[in-house]
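Since every read-out is calculated from the coordinates, none of them should be taken as a lab result. No experiment lies behind these values; they were computed from the predicted model shown. Every residue, glycine as well, gets a Cβ built from its backbone with ideal geometry; the counts of neighbours run over all protein chains shown.
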Amino acid sequence: MTGAAGTLAGEAARHFSAAGANLALVDIDSDLLDGVLANLNTASSSMCLRADLTDEESVTGMVGAVMDRFGAIDVLANIAGGFTMGPRVHETDIADWDFMLDLNAKSVFLTCRAVIPHMLTPRGGKVINIAARVANEGKSRMAPYSVSKSAVARLTESLAADYRHDNINVNCIMPGTIDTPTNRREMPDADYSKWVAPAALAEVILFLASDAARAIHGASVPVFGLT
């Protein structure tokens, strides 16, 4: 599970742990993972790894460490990502463009490319990516973010087309505004009751990782809350 120190991934980790899953918790800031570990089911086995998901060598090393520990990867939850509001396109700095594309799209590409070879057996696996509602429609001052999340949705579809006959399900979730402390700070006047609770998203992730989702391939599941 990538981005494991974040609000959504931390909630997803608790759901998976409660279901008895062994977890590899990945984040670029390994110090923050201690708080996640403290809330997990002690009956499951968990490991924490630091990785820069925009760096090929770092991703390869991380996946190798997971295989050494568990011997298999059944589920990849690509939850790492981020959002920044920006200026209009003609005022957008190339560094800001690259940052969003790397963080949200390149990270998913590199992680899937490193993990999927370990799923190419009769065992198969599940891959769940996180796109966003704006993947379907560009918004003002959000071009880099919107494009990066659209790339995640299209990559999900391509991965599903490539690997559905290998017993690998690849799908993505398209959240609306997630009710996180950061979003509350940035939008203090919003109606939080209309936002998507992290626990609700975690339940969708867990479903897509389950055998109940075995017939779902290449879906972009909208989870918008009431917005």
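Arrange Tyr192, Tyr163 by Cβ neighbour counts within 10 Å, fewest through most, would you? Don't jump to the answer; show the numbers that get you there.
Values: Tyr192 13, Tyr163 20.
With the fewest neighbours first, Tyr192, Tyr163 line up as Tyr192, Tyr163.
If I take every Cα pair under 8 Å that is 6 or more residues apart in the chain, average their sequence separation and divide by the length, what percent do I get for the relative contact order?
Numbers: 420 pairs, mean separation 44.9, N = 227.
With pairs under 8 Å counted, the relative contact order is 20 percent.
Treat every Asp and Glu Cβ in the chain as -1 and every Lys and Arg Cβ as +1, leave all other atoms uncharged, and give the resulting dipole magnitude about the Cα centre to the nearest 20 debye.
On the way: 18 positive and 26 negative charges, 132 e Å.
The dipole of the chain has a size of about 640 debye.
Sort Trp195, Trp97 by Cβ crowding within 10 Å, fewest neighbours at the top. Could the numbers behind the result be given before it?
Working: Trp195 22, Trp97 16.
Placing the least packed residue first, the sequence is Trp97, Trp195.
I need the phi-derived Karplus couplings for the stretch 177-194: 6.51 cos²θ - 1.76 cosθ + 1.60, θ = phi - 60°, integer Hz, Gly and Pro marked x.
Residue by residue, the stretch 177-194 yields 5, 8, 7, 10, x, 5, 5, 5, 5, 7, 10, x, 9, 6, 8, 5, 5, 8 Hz.
Once phi is turned into θ = phi - 60°, what whole-Hz ³J(HN,Hα) does the Karplus curve with 6.51, -1.76 and 1.60 give for every residue of the stretch 155-170, x standing for Gly and Pro?
5, 4, 5, 5, 4, 4, 5, 6, 10, 4, 7, 9, 6, 10, 9, 10
At a 10 Å Cβ-Cβ cut-off, how would you order Cys48, Cys172, Cys112, fewest neighbours first? Before the final figure, lay out each step's value.
Values: Cys48 18, Cys172 27, Cys112 23.
Sorted ascending by nearby Cβ count, the order is Cys48, Cys112, Cys172.
Could you give each residue of the stretch 6-17 its phi-based ³J(HN,Hα) in whole Hz, using Karplus coefficients 6.51, -1.76, 1.60 with θ = phi - 60°, and x for Gly or Pro?
Once θ is set to phi - 60°, the couplings for the stretch 6-17 become x, 4, 5, 5, x, 5, 5, 4, 5, 5, 5, 5 Hz.
Set the Förster distance to 30 Å, then compute FRET efficiency between Trp97 and Asp189 from the Cβ-Cβ distance, nearest 0.05.
Values: r = 29 Å, r/R0 = 0.98.
Plugging the Cβ-Cβ distance into 1/(1 + (r/R0)^6) gives 0.55.
Calculate, in nm to one decimal, what Met85 and Ala212 gain on full extension: separation in residues at 0.36 nm each, minus their alpha carbon distance. Spell out each step's value before the answer.
Values: separation 127, 0.36 × 127 = 45.72 nm, distance 3.66 nm.
Gain on extension, Met85 to Ala212, equals 42.1 nm.
If amide H atoms are built 1.01 Å from N in the plane of the peptide, which residues on other chains or at least 5 residues away come under 5 Å of the amide H of Leu23?
Result for Leu23 returns Ser45, Ser46, Met47.
Taking amide H atoms as placed 1.01 Å from N in the peptide plane, list the residues 5 or more away in sequence, or in a different chain, whose amide H sits under 5 Å from that of Gly125.
Ile168, Asn169
Would you work out which of Leu155, Ser107, Asn39 lies farthest towards the positive end of the dipole of the stretch 7-223, given +1 charges on the beta-carbon of Lys and Arg and -1 on that of Asp and Glu, about the Cα centre?
Farthest towards the positive end: Leu155.
Using square roots of five times the C-alpha gyration tensor eigenvalues, list the equivalent-ellipsoid semi-axes of the stretch 7-223 in whole Å, biggest first.
Numbers: eigenvalues 141, 82, 64 Å².
Rounded to whole Å, the semi-axes are 27, 20, 18.
For Glu137 and Thr182 in the same chain, what is the full-extension length gain: residue separation times 0.36 nm, less their Cα-Cα distance, in nm?
On the way: separation 45, 0.36 × 45 = 16.20 nm, distance 2.33 nm.
In short, 13.9 nm is gained.
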